[in-house]
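Step one of this worksheet: look at the structure below.
The values are calculated or read from the model by the stated rules, or taken from the named source; none is laboratory data. These figures come from a predicted structure and were not determined experimentally. Here the Cβ positions follow ideal geometry from the backbone for every residue, glycine too, while neighbour counts run over all protein chains shown.
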Amino acid sequence: MKQLEGKVAIVTGGAAGFGEGIVRLFVEQGARVVIADIDAGKGETLAAQLGSAARFVRCDVSVGTDVAALVAASVQAFGTPDIVVNNAGTTHTNQPMLNVDEGTFDRMFAVNVKSIYHMAHAVVPLMRQRRRGVILNVGSTAGIRPRPGLTWYNASKGAVNILSKSMAVELGPDGIRVNAICPVIGETGLLEKFMGVPDTPENRTKFIATIPLGRLSRAADVAAAALYLASDAAEFISGVELPVDGARTV
C-alpha cells in the first residue's frame, strides 16, 4: 500500500527545488497534491506532468488573501488538506549583515515566517474540525548551526524551527502534528545566494567540506524526510527539528 494513499496535500514553493521533490514523491505515494508557487510556468508544467493527482495554484505565500484562496482551491479540487508543507522560502545573498537592505529583510521574513502565520489561519480551523492533520515547516540547519554571512536568513529559519515546536505543543490536543525539516545547504536555485560566490566546483568543495557525509543535500533527501513525517508511520512524532544534513549540525 502506498504511504499517502487517499491523502490530500498542499506544498508551497512546490514547482522547483525541494518542493518539487516533495510533490513528486507525494504523488508517487498516492497523495493528491496542490502545488503552490509564484512561478506559474513551472507550476503548470509540473501539474500537467503529474496528471489528475496534481493541481497548480499560483500563490504568493506572503499575502494572506493568496494563502486563503490557495486553501479554498485545495478544498474545492480535492477536499480538506490532510498535509500542508510550508516549503516556500527565500534568502539574501551571503554577505556582511549590515549590507542587507531593509526591503530584502522584510521580504525574506514575509516569505519564510509570516507565510506560516497565514497558512495556520487558513488551514488549522479545517484540521481542528476533523481532529487530525500534519503541518511540515521547512526550516534549516541555518537555524541550528548558523553560517556567517547569512545572519538575517539564519534568524528567519531559527524562527521557523522554534515556531514548529510551539505549534506542535499548542495543536497537539487537536490531533494536529507539526514538525520542522532542517536541510543543510542544497542543490537548489538558491545555492549561489547561500554561498555568496559563483557556483563552481571549487566553491562547492569549500561548503561540502563542512558536511561529514561529503555532499550537499538533494531534493530526494528532503522529500524522503517529508514523506516519513507526513505518513501514518510518524503518528506519534511531533515537535521535532529533523536535520537532513549529513551530520553538519553535530
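Need pairs with beta-carbon distance below 9 Å; first residue on the phi > 0 side of the Ramachandran plot and within segment 162-176, second basic (Lys, Arg); sequence gap 6+ or separate chains.
Here the result reads GLY175/ARG128; GLY175/ARG130; GLY175/ARG131; GLY175/ARG132, each pair linking segment 162-176 to a residue that is basic (Lys, Arg).
Please find, among PHE236, PHE207, the residue that is surrounded by fewer than 22 Cβ atoms within 10 Å (Cβ to Cβ), of a type in the set (Phe, Trp, Tyr) and over 20 Å from THR93 (Cβ atoms).
On the way: PHE207 fails: over 20 Å from THR93 (Cβ atoms).
Only one candidate passes the filter, namely PHE236.
Does segment 135-162 hold any residues that are under 18 Å from the mean Cα position of the chain (by Cα), surrounded by fewer than 24 Cβ atoms within 10 Å (Cβ to Cβ) and assigned to a loop (DSSP other than H, G, I, E, B), and which are they?
Answer for segment 135-162, where residues must be under 18 Å from the mean Cα position of the chain (by Cα), surrounded by fewer than 24 Cβ atoms within 10 Å (Cβ to Cβ) and assigned to a loop (DSSP other than H, G, I, E, B): just ILE144.
Is at least one residue of segment 31-53 at pLDDT 95 or above, surrounded by fewer than 22 Cβ atoms within 10 Å (Cβ to Cβ) and assigned to a strand (DSSP E or B)?
No, every residue in segment 31-53 fails to be at pLDDT 95 or above, surrounded by fewer than 22 Cβ atoms within 10 Å (Cβ to Cβ) and assigned to a strand (DSSP E or B).
State whether the residues of segment 194-207 include one that is touching a residue at least 40 places away in the same chain (Cβ under 8 Å), touching a Gly at 6+ places or on another chain (Cβ under 8 Å) and more than 18 Å from ASN154 (Cα to Cα).
The answer is no; no qualifying residue exists.
Could you identify the single residue in ILE10, ILE38 that is in contact with a helix residue (DSSP H, G or I) (Cβ under 8 Å, 6 or more places away or on another chain), touching a residue at least 12 places away in the same chain (Cβ under 8 Å) and not polar (S, T, N, Q)?
Unique residue meeting the criteria: ILE10.
Has segment 164-177 got any residue that is outside any helix (DSSP H, G or I) and not basic (Lys, Arg)?
There is at least one residue in segment 164-177 that is outside any helix (DSSP H, G or I) and not basic (Lys, Arg).
Out of everything in segment 210-233 that is hydroxyl-bearing (Ser, Thr, Tyr) and under 19 Å from ILE135 (Cα atoms), what residue ends up being surrounded by the most Cβ atoms within 10 Å (Cβ to Cβ)?
To start, the set of residues in segment 210-233 that are hydroxyl-bearing (Ser, Thr, Tyr) comprises 210, 217, 228, 231.
From the residues that got through so far, the ones that are under 19 Å from ILE135 (Cα atoms) too are 228, 231.
Values: TYR228: 15, SER231: 18.
So the residue we want is SER231.
Hey, THR141 hits all of (1) more than 14 Å from MET167 (Cα to Cα); (2) without any contact (Cβ under 8 Å) to a residue 60 or more places away in the chain; (3) of a type in the set (Ser, Thr, Tyr) but one; which does it fall short on?
Checking THR141 against (1) more than 14 Å from MET167 (Cα to Cα); (2) without any contact (Cβ under 8 Å) to a residue 60 or more places away in the chain; (3) of a type in the set (Ser, Thr, Tyr), the one that fails is (2).
Looking for whichever is modelled with pLDDT of 95 or more, assigned to a helix (DSSP H, G or I) and either within 25 Å of MET108 (Cα to Cα) or of a type in the set (Ser, Thr, Tyr) (or both) here; the options are LEU70, LEU25. Which one fits?
That would be LEU70, the only listed residue that is modelled with pLDDT of 95 or more, assigned to a helix (DSSP H, G or I) and either within 25 Å of MET108 (Cα to Cα) or of a type in the set (Ser, Thr, Tyr) (or both).
Quick grid of which residues meet (1) in a helix (DSSP H, G or I); (2) closer than 29 Å to GLN29 by Cα; (3) modelled with pLDDT of 95 or more:
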{"position": "PRO198", "(1), (2), (3)": "no, no, no"}
{"position": "ASP221", "(1), (2), (3)": "yes, yes, yes"}
{"position": "ALA225", "(1), (2), (3)": "yes, yes, yes"}
{"position": "SER238", "(1), (2), (3)": "no, yes, yes"}
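Criterion first (surrounded by 18 or more Cβ atoms within 10 Å (Cβ to Cβ) and out of contact with any helix residue (DSSP H, G or I) (no Cβ under 6 Å at 6 or more places or on another chain)) does VAL169 satisfy it? Can you show your working first?
Values: surrounded by 18 or more Cβ atoms within 10 Å (Cβ to Cβ): no; out of contact with any helix residue (DSSP H, G or I) (no Cβ under 6 Å at 6 or more places or on another chain): yes.
Judged against the criteria, VAL169 is not a match.
Does VAL184 satisfy being at pLDDT below 95 and either β-branched (Val, Ile, Thr) or within 23 Å of VAL75 (Cα to Cα) (or both)?
So VAL184 fails the test.
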